[in-house]
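S.K.: I'd like to ask you about the structure that follows.
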Amino acid sequence: MKVKFYTCDVFTDQRFGGNQLAVFPDAVNIPEDRLQAIAKEFNFSETTFVYPPKDPANTKKVRIFTPGNELPFAGHPTVGTAITLGIIGDIKLTGSETKIIFEEGVGPVPVTIRSVNGKPTFAQLSAAKLPEFSEHVPTVHTLAAMLTLTREEIMDSQFPIQFVSVGFPFLFIAVKNRETLKRIRVNTQIMEELQLKEVFIFTTDAEQSGFHFRARMFAPLIGITEDPATGSGAAAFAGYLAAKDPLESGTLKWNIEQGFEMGRPSLLFIEADKKNGATTAVRVGGNAVMMTEGFLEI
């Protein structure tokens, strides 16, 4: 049996940048026991499989797999799948903005697709879950050793080390500058001993004008040595930043560079809404460009 697939680069408007994604727009006839094998075959950070929604009020059901396991939610697959389905006509566009809902493991995920001249180029998701926090973290010295850095290069006084989740927990660690970020070499043995699945490292030393942070994300325990662009991590990061911002009510916005050290520059745009000091929504958006289409024999 042959099944159709597409690939795209997500969180970029340039080919050969961003984060690669494989999309199977009609996965109904793919055997359950082949889904993980297909994701491993592509060996992208994620592959998505699309089904009709269980609730007819929603648009599609989307399952997300890394090369190692299934995820309840992820950002770049959500953004890339929305744009891909819009490009191929599986989602009907309703003008300059099209609002859809994906059913994912965390629940319904609202997505807005933005189009120019009838072609979708940008999508923004709203996280299905509000940020959840945990400060039970490893010691700074242990984390510095895990990253092959010195204690002094971890900027935890300005940005406390913290777990934040909008569906999957990320450990957020700030470092001194871009040069420090570039020199990181993850000690996977320490990471495995600590059972840290996704670690998001960032600095305020961004390279491009108009951007606030430069980041890297490592998740070797789930089959992702390093991720060029991490939408779910960026959404959680919006919650992390919003909790520390003195704004009581309104919308906060930040722009993130990621993937530059990998040669796959990615640009992520995040937002957080606050009301009376509490975060009420977090969003992440970006561009995507189609790369390939074909058939896989299974």
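Since every read-out is calculated from the coordinates, none of them should be taken as a lab result. This structure is a prediction, so every number in the text was calculated from the model and none was measured. Counting neighbours? That spans all protein chains shown, and the Cβs are built from the backbone with ideal geometry, glycine included.
S.K.: Eigenvalues of the Cα gyration tensor times 5, then square-rooted: what semi-axes does that give for the stretch 132-284, in whole angstrom, largest first?
M.R.: Details: eigenvalues 110, 59, 43 Å².
The answer is 23, 17, 15 Å, longest axis first.
S.K.: Compute the separation of the alpha-carbon centres of the stretch 207-237 and the stretch 1-15 and state it in Å as a whole number.
M.R.: 20
S.K.: Something else now. Quick check: Cα centre of the stretch 120-135 to Cα centre of the stretch 252-298, how many Å?
M.R.: Comparing the Cα centres of the stretch 120-135 and the stretch 252-298, I get a distance of 9 Å.
S.K.: Follow-up. Per DSSP H run of n ≥ 4, the term is -39500 (n - 2.57); total these for the chain, divide by its residue number, and report the mean residue ellipticity at 222 nm rounded to 500 deg cm²/dmol. Numbers along the way, then the final one.
M.R.: Numbers: 6 runs with 59 residues, N = 298.
That comes out to -6000 deg cm²/dmol.
S.K.: Which GluC sites (Glu not before Pro) in the stretch 125-162 sit in a loop by DSSP (not H, G, I, E or B) and have at most 16 other Cβ atoms within 10 Å of their own Cβ?
M.R.: Glu135
S.K.: Pick out, from Ala128, Leu35, Ile100, the residue whose Cα sits farthest towards the positive end of the charge dipole of the stretch 1-142, with +1 on the Cβ of Lys and Arg and -1 on the Cβ of Asp and Glu.
M.R.: Farthest towards the positive pole: Ile100.
S.K.: If you build a Gaussian network model of the chain, linking Cα atoms that sit under 10 Å apart, which residue out of Thr112, Thr121, Thr180 swings the most?
M.R.: Thr180
S.K.: Would you work out if the stretch 187-229 is rounded, prolate or oblate? Take a ≥ b ≥ c from the square roots of the eigenvalues of the alpha-carbon gyration tensor; rounded if a/c is under 1.5, else prolate when a/b is larger than b/c, oblate otherwise.
M.R.: Prolate shape, in that a/c is at least 1.5 and a/b is the bigger ratio.
S.K.: Tell me which GluC sites (Glu not before Pro) from the stretch 203-298 have a DSSP coil assignment and no more than 12 other beta carbons within 10 Å of their own.
M.R.: Glu207, Glu248
S.K.: How high is the relative contact order of the chain? Use alpha-carbon pairs under 8 Å, at least six apart in sequence, and give a whole percent.
M.R.: Contact order relative to length: 22 percent.
S.K.: Quick one: which of Lys4/Lys54; Lys99/Lys274; Lys176/Lys274; Lys2/Lys253 span more than 32 angstrom between C-alpha atoms? Walk me through the intermediate numbers first.
M.R.: Working: Lys4/Lys54 22 Å; Lys99/Lys274 22 Å; Lys176/Lys274 28 Å; Lys2/Lys253 43 Å.
Violating the 32 Å limit, Cα to Cα: Lys2/Lys253.
S.K.: Given a Förster distance of 25 angstrom, what is the FRET efficiency for Ile190 paired with Gln158, based on the Cβ-Cβ distance and rounded to 0.05?
M.R.: Rounded to the nearest 0.05, the efficiency is 0.55.
S.K.: Let me ask something else. About its Cα centre, what dipole magnitude does the stretch 132-284 give when the only charges are +1 on Lys and Arg Cβ and -1 on Asp and Glu Cβ, stated in debye to the nearest 20?
M.R.: Details: 15 positive and 19 negative charges, 42 e Å.
The dipole magnitude comes to about 200 debye.
S.K.: Additional query: Can you give the convex hull volume per residue for the Cα atoms of the chain, as a whole number of Å³?
M.R.: Each residue corresponds to 130 Å³ of Cα convex hull volume.
S.K.: Continuing with this model, one more query. Would you work out the relative contact order for the stretch 187-298, in percent, from Cα pairs under 8 angstrom that are 6 or more residues apart? Before the final figure, lay out each step's value.
M.R.: Values: 197 pairs, mean separation 23.3, N = 112.
21 percent.
S.K.: Could you work out the relative contact order of the stretch 61-165? I mean the mean sequence separation of Cα pairs under 8 Å and 6+ apart, divided by the number of residues, in percent.
M.R.: In percent, rounded to a whole number, it is 20.
S.K.: Let me ask something else. For the ranges 84-93, 282-291, what's the packing order if you count other beta-carbon atoms within 10 Å of each residue, average per peptide, and put the highest first?
M.R.: Values: 84-93: 18.3, 282-291: 23.2.
Put in order of decreasing packing, that is 282-291, 84-93.
S.K.: With springs only between Cα atoms under 10 Å apart, run a GNM on the chain and tell me which of Val111, Val79, Val140 wobbles the most.
M.R.: Val140
S.K.: Which loop-located trypsin sites (Lys or Arg not before Pro) does the stretch 9-63 contain, where loop means any DSSP state but H, G, I, E or B and the Cβ has at most 13 other Cβ atoms within 10 Å?
M.R.: Arg15, Lys54
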